[in-house]
Each structure stands twice: as C-alpha cells, then as structure tokens.
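Quick note: the coordinates plus some simple rules give every number you see, no bench work behind them. As the structure is a prediction and not an experimental result, all values here were calculated from the model. Here the Cβ positions follow ideal geometry from the backbone for every residue, glycine too, while neighbour counts run over all protein chains shown.
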C-alpha cells in the first residue's frame, strides 16, 4: 500500500514539472535556512526574525497596490523591516519586546490593508501567508537560486565576523569589529531568507523552517559550520517528506512541511534529552 | 608622547544623574602590575569601561597607549568577570581563543598559520592546550577563565585588563592564575580590578583604591585607615605581604 503511494509520487514527480519545481523550491529554501537559521538559533533572535518575517507582508501589499512585482516589494520590505528591527534593538533595547511586537502586527496590518485595496488580489493573501509551493514558477526558482548564492557568499566571506558577533558582541567590539554593521547585516540576511521561504511555506510559517532544522542539527553537532551543513540537509529531507505527504493526502504543501518539521523536531528533542539523561 | 600606558586626568562620570567617579586621576607606567580595589558599586567597572573605550567620561581625559581608548582597544587584552556568551554556543575552546586574532579585515573561514601558532603557544602557556578541542560549554569555571585569558593574550596586547579574576574560581586555581600573571607581567602591563583587597595585594606592585574617588595609590600607603575609609570598617581579613 505505502509502496504503491510512493511509486505514484515518484511517477508523478517524473510526470509533472510543477512537482519538480516544488521539490527544487523546498531544497533551495533549505540552503538559505540552514545557513542563516543556524545564526538565528545560536544568537537566539527567533522573535526578531518573526517580526521581520511578518513585517514583510506590509511591503508586499504596498508593492501590489502600486502595481510592482510583489516579490521585488517583498525583498525591499524585508531589507527595510530588518533595518527597522535592528535599529529598534540597538537604540531601545529595553523596549525591544514591545517594539518588535508592534512592527510584527502593524507590518501585517499594512499588508492586509493594501492587498484589500488592490482590486482582484484577495486570493493571493492566503498564498503569501501560507505559501503555495505547487505554484512555484521558473522565475521564482531563479530568484531563489540567486538569493541562495548571495546569502551563502556573504556568510562565507564574513563568516568569522558573523560568528564573533553572534558569540560575544562585547569582545567583537574590543577587537575593533564593526559590531553594529555585522549585526544589521545578519538581520538583512534573515530578511532575505524570509523572502526565499515565502513561496514555499508563506511568511507566517517561515519562522519554523528558519529555526527548527538548525535547532535539530544542534542536537547532533557542536560546531557551527557542521551545524549549518546538517541543517541544510535536514531541511531538504523534511521539505521532501512534507511534499510527499501533502501530495499523497492532498494537503496544503506549506502547512504539511511545517507539521512534518515540527514532529521531527519534537522527536529529535526527546531523543536528545533521553541521550543526555541516560 | 609620554610613555604612560594609561593616563586618566580629572575624570568625572555620572550614571543616571549619580556621580560614579569624581575627579579621578591615575597614571599607569609601562611594566606595572596595578590592582584597582574598592567596594562593590565603587566605580571599578565604570573606570574599566572608560579604559576599554566603552564609555566616555563626562569631564576629564582618558588616554590608553597615548591614544583615545576606542582607538587603542585592539592593543588592550580584556578578561571579563563573567563570560558573556551562551554556554551552549557550538564552538571549541580553540576557536574561541582564535577569536582574539580577529580584525575588521578578517575574511573567510580560516585563520592564518601565524594565528594558529600564537594560539597554540598561548594555550600551552595558560595550560589549556589539552582541552583545545573541547566545547566551550563543557568547561569548569576555572577553565573558562583561562580560555578568556588566552583569548585576550593571543591579540598580543600591550596592556592586559582583568575584571575580578578571582570571582568565579576555586582558591588553588586563583593562585595559579596570579602566578601566571606575574610571569606575563615581565612583558605586559597589567591592571587587575578586584574587591578582594587582601588577595590582590600579594601580587600587584601598586594598588589604587577606588570608592567614587581615588583614595590612594600605592601598596605602602594601604593602611588600616584607608581601608576603613573605603569600606567603612567591615573588612574581616586583610592579608599584607611586603617583600
């Protein structure tokens, strides 16, 4: 029975280009997720990343309303909201919680409002929020691949500085590193990763894919470099399994990928805890 | 330009309207091993942060190695009281120590052969070579302290600043660390900040007593009267060792 279903998935994968593109999109998203998500996890800025992700909807809505490409709008909005969140955390650290919550909600509200004001676009809201991986086009894949190349290149080039700032900002400053610049760059990279993920899981679910594969990798590897590579592989595997399940059950792709990821994270955490207390 | 490693002239510093430092002047010459002592909240940490360029004085002038503190910071090795990083950060002792070699121009993944050579030598010196590949989260308090010291030393600083090096570790290890510092002092000027007046005076060659303002600065002058003025007569044990 299960074998038959698997066969039908493989057959479908060969037969339907949209499934191939969906799978490729999942993999491309996993590359960025592993590289940037690992920094989000070790620096513990999941909440910041969530704020950035949701604020992106504001930019997409405005872009739609003005008649621009929503993805270009998303990219601009992502960079803008990352800098906004970064500025807030640097200038008003004591109110960080409140201010990020505000950016989070107001960004989304702006997005919903502008999408509502744009004629004929009500259906797209759902796909921005929850993704529509089966509708990923060639253009989207090219954009995702381009973002991946950019993300990986930037992380590779400034790797040690990113690690130093993530590890100990005060010491990094003592070494003369431009800590604020590196920190803001990291947030911009987080924002770019969010855009990478919008097509696959949508921006509400982004935060799970950004953090959970890396958090799982941290259960097994105690070096950041290895953690990044393993997180990429875990992300790819979970995206593939999620797609397979969603195709078989005819469930929404993004939500299924997230549920599969959540279950995997839970199992991994239990396994990790059991191993530690044995 | 003077040879003074640190020169502080008539420095005031207010924190939230409260005067933390008042008219503090202090000169540290090359090769000194200075202890800054004083009660908690006496301004020690503030003075230290002025030296590191993390704070600017409200009045007066601070110079480190003849430059503004912010410009001299790469030549200052700093060992914090407590590690500020997350203990579960996925990184080895060796990689933490190597961070002391970073500069704004460090690109890519790899440190140079020279960086590795210096790191190995320093790790031998502070006796952590055997735990070089261990994760940072799996160290004892004393081991962590040594890693922080090594990280400060690999930058080959002209001035080494330690904040409460006795705060976090057991007594035997403290002695070890101070013996090590005495060795290092042959090449490097050292400033140690501590509330533990008795312990510190056995090692340093000059003591500055700080409680908002600078009360004295020499070991010889550190008598019971000063201590009473500084701490208010609640010192239980002061050990004085003069050679």
Throw me the Rg/Rh for the stretch A:69-220, computed over C-alpha atoms with Kirkwood Rh, two decimals. 0.99
Check: C-alpha center the stretch A:201-278 vs C-alpha center the stretch B:87-117, spacing in Å is 30
The protein assembly as shown, helix-only ellipticity at 222 nm - DSSP H runs n ≥ 4, -39,500 (n - 2.57), divided by all residues, nearest 500: -19500 deg cm²/dmol
Taking the Cα centre of each part, how many Å lie between the stretch B:188-204 and the stretch B:16-52? 13
What ranking do A:150, B:102 get, fewest neighbouring Cβ atoms within 10 angstrom at the top? A:150, B:102
More than 14 Å apart: what percent of Cα pairs in the stretch A:203-248 qualify? 52
Chain A: most fluctuating residue of A:27, A:104, A:158 per GNM, C-alpha cutoff 10 Å: A:158
Whole angstrom only: what separates the Cα centroid of the stretch A:61-133 from the Cα centroid of the stretch A:136-196? 20
Which whole number of Å³ per residue matches the convex hull of the alpha-carbon atoms in the stretch B:74-144? 113
Taking neighbour counts of Cβ atoms within 10 Å as a proxy for exposure, in what order, fewest first, do A:125, A:230 appear? A:125, A:230
The exposure ranking of A:277, A:54, fewest beta-carbon neighbours within 10 Å first, is A:277, A:54
Inverse mean reciprocal Cα-Cα distance (Kirkwood Rh) of the protein assembly as shown, Å: 25.8
Once the Cα gyration tensor of the stretch B:6-231 is diagonalised, what are the square roots of 5 times its eigenvalues, in whole Å and ordered largest first, as equivalent ellipsoid semi-axes? 30, 20, 16
Out of A:38, A:240, A:268, a Gaussian network model of chain A with alpha-carbon springs under 10 Å gives the largest mean-square fluctuation to A:268
Starting from the Cα gyration tensor of the stretch A:81-136, take the square roots of the eigenvalues, sort them a ≥ b ≥ c, and report rounded, prolate or oblate (rounded when a/c is under 1.5, otherwise prolate if a/b is larger than b/c, else oblate). prolate
Determine the relative contact order of the stretch A:2-277: mean sequence separation of Cα pairs under 8 Å and six or more apart, normalised by residue count, in whole percent. 30
Working from the alpha-carbon coordinates of the stretch A:2-277, get Rg over Rh, Rh being the Kirkwood radius. 0.98
